[in-house]
1. For semi-axes √(5λ) of the Cα gyration tensor in Å, the listed values are (1) 39, 28, 25; (2) 53, 26, 22; (3) 46, 36, 24; which was obtained by calculation from the structure presented?
2. Relative contact order for the chain: what is it in percent, counting Cα pairs under 8 Å that are at least 6 residues apart?
3. Taking all protein chains as present, what is the carbon and sulfur share of the accessible area of the chain, in % to the nearest whole number, probe 1.4 Å?
4. Projecting each Cα onto the charge dipole of the chain (Lys/Arg +1, Asp/Glu -1 at the beta carbon, about the Cα centre), which of Ser11, Tyr460, Leu511 comes out farthest on the positive side?
5. Which chymotrypsin sites (Phe, Trp or Tyr not before Pro) from the stretch 166-199 combine a DSSP loop assignment with at most 14 other Cβ atoms within 10 Å?
6. Looking at the chain only, what percent of DSSP beta bridges run antiparallel? Nearest 5 please.
7. Please arrange Arg316, Arg469 by accessible surface area, largest first, computed with a 1.4 Å probe and ligands excluded.
8. Relative contact order for the stretch 160-203: what is it in percent, counting Cα pairs under 8 Å that are at least 6 residues apart?
Amino acid sequence: MAPTEIAPYGSWASPITSELIVASTIDLGEALLDGEDVYWLESRPQEGGRSVVMRLSPGDEPVEVTPPAPPAGEGAFNVRSRVHEYGGGAYFVADGTVYFSNDGDQRLYRQDPGAAPRPITPEPPRPRGLRYADAVMDRGRRRLVAVREDHRGAGKEPQNTLVEIALDGAPEPRVIVSGGDFYAAPRLSPDGNSLAWIEWRHPNMPWDGCELWLGRFGSDGGIAEKRRVAGGAAESIVQPEWSPDGVLHFVSDRSGWWNLHRWTGEEIEPLYPLDAEFGRPQWGLRRTLFGFLSARHLVASYSKDGLSRLVLLDLRTLSPRPIATPYTDISWLRADARGVYFRGGSPTQFPVIVKLAPDTGEVTVLRRSTLDEPGAYDGYISQPQPIQFPTGGGLCAHGLFYPPGNRDFAAPERELPPLIVISHGGPTGAATATLSWGVQYWTSRGFAVFDVNYGGSSGYGRAYRERLRGKWGVVDVEDCVNGARFLAAAGRVDGKRMAIRGSSAGGYTALCALTFGDAFATGASYYGVSDLEALARDTHKFESRYLDGLIGPYPEASALYRKRSPVNFTERLSVPMALFQGAEDAIVPPQQAEAMAAALEKKGVPCLYLLFNGEQHGFRRADNVKRALDAELHFYSVFLSGAKLRF
């Protein structure tokens, strides 16, 4: 059908509204298996961003395990851990009993079938002073082993350890492993005699270098002896897992790529060498990408050229067999004798929790992240186009280009669309091709979108990830600018109407591009960094030395920190920008956005600054997500498209 109306790009009316996005969408993650039951987490913007544990039993419909919210949403359990601030591993299930971290107090709760949750960790002397995550069951000793982050020492750096937690809550948790700055992934061997875990120390982030340790329990339940199995200052370890027959498997990037390995008891054996990534940066705990169908067969997801694939590996012959799936982004993978379970998405499908039969490839959808079927929006959905473009140093970078599309509209002849460049967070994150209303919101209104995987992104090997070492605010900005100009030179977008937006680390990239360059006409930062020195002084423990690798040691490199901080160079600003900030953000505190807004106001540069109460690092409440998105659209309608806004 031909378009019914000619209208400028950026002004098109779209059925993909902010109301649709927040009303129909939930976030799915962290799948677990317990007997015949499948569990996962759902984060619901409609309930103030509350996360709940869901269960699916054979022959039944999904049910909510966590007690439902009262009408006003006050006092409801919210399953979320704040260990490392980014959390992950917020719940665990064993024999139908759910153990979870409650966001309000960060205590660990036990919820037996049919019973109300009850705390099994002590109430800390200060709010959220003791945090727990990534627990595993030690049945023989009737306890959990978990990561704990202790904030009780006022004015001191939190202490991270591995602790034992009695299933009945008595006695109080006891430390069984300590001495490192950070811990993750405690995993108990099938015979219950050994514990594997990951630890690392300042100034490393876990994707820079960490260590895989193996310890044996003594008679008192503590670690009697231990040894380092793999890892080091320049080797990253991800996801240690025991096979059913007691062999320790893990992912290491010792080859330059996160690949599968196993520990024979004497040496490390690579299982499937491949220029692809079987791991992802450990921003959150318990992010799993492989699992065991049996002692002989392992199923893994890996990323190559920005797309996820599945492979079945015979652990005796080490022969791989690809498994075809309709999904290009696979995460939270679990497996057992019944099949493979994961969260999957693709350019034509929103994220779903699925079960896959490895022999036939048959897929059963267990839960959808939206009630809306993409087919209902045929003619409004833009398909991503992988783009490789030249950038600094004779290198190439990557991104996903989404052309504008709306079946009801066409642009005037010879008009080119305005471009919105997205700089992802992390900065070790990566753009994926999974269908997202957040992208289609823009393309269906006549904006082109370019989601850039700049140097420093994951998914392209360690060398690509380390392009950003010492060059944050340089390489990432250069890649975003070069990608935008590449599209403009190719005649695909209007080079005079380009914007850049990003959140967190991506917000910093956006602010740098707007401050230190002239490629973009406007942009938006969501809880982005404007003052690197303030970030180095004020941020939380997990990232307190992150900038050592991205910029340089502080305060020794303080001059470089000032040189790359947009807030120090507002005299260079000549384009309007929008700033969105959570009032309770402990990762990038509100002072960062406030300083930038004050500087812009003083200079007379148009600036929109919105502060959202009750939000942390990442907006979770439906009303706030809607308000920010609508405000950003209006901002672009004034300063980018120049066209009359339509809703």
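1. Answer by label: (1).
2. Relative CO of the chain lands at 12 percent.
3. Of all accessible area on the chain, carbon and sulfur atoms account for 50 percent.
4. Leu511
5. In loop regions of the stretch 166-199 (DSSP not H, G, I, E or B), there are no sparsely surrounded chymotrypsin sites (Phe, Trp or Tyr not before Pro).
6. The answer is about 80 percent antiparallel.
7. Heavy-atom accessible area, descending, gives Arg316, Arg469.
8. Relative contact order comes out at 32 percent.
The values are calculated or read from the model by the stated rules, or taken from the named source; none is laboratory data. Fair warning: this is a prediction, and the values are worked out from it, not measured in the lab. Because the Cβ atoms are built from the backbone with ideal geometry, glycine has one as well, and the counts that use them run over all protein chains shown. Each accessible area value is taken on the protein alone, full model and side chains, heavy atoms only, with ligands, DNA and RNA left out. Shrake-Rupley method; radii C 1.70, N 1.55, O 1.52, S 1.80 Å.
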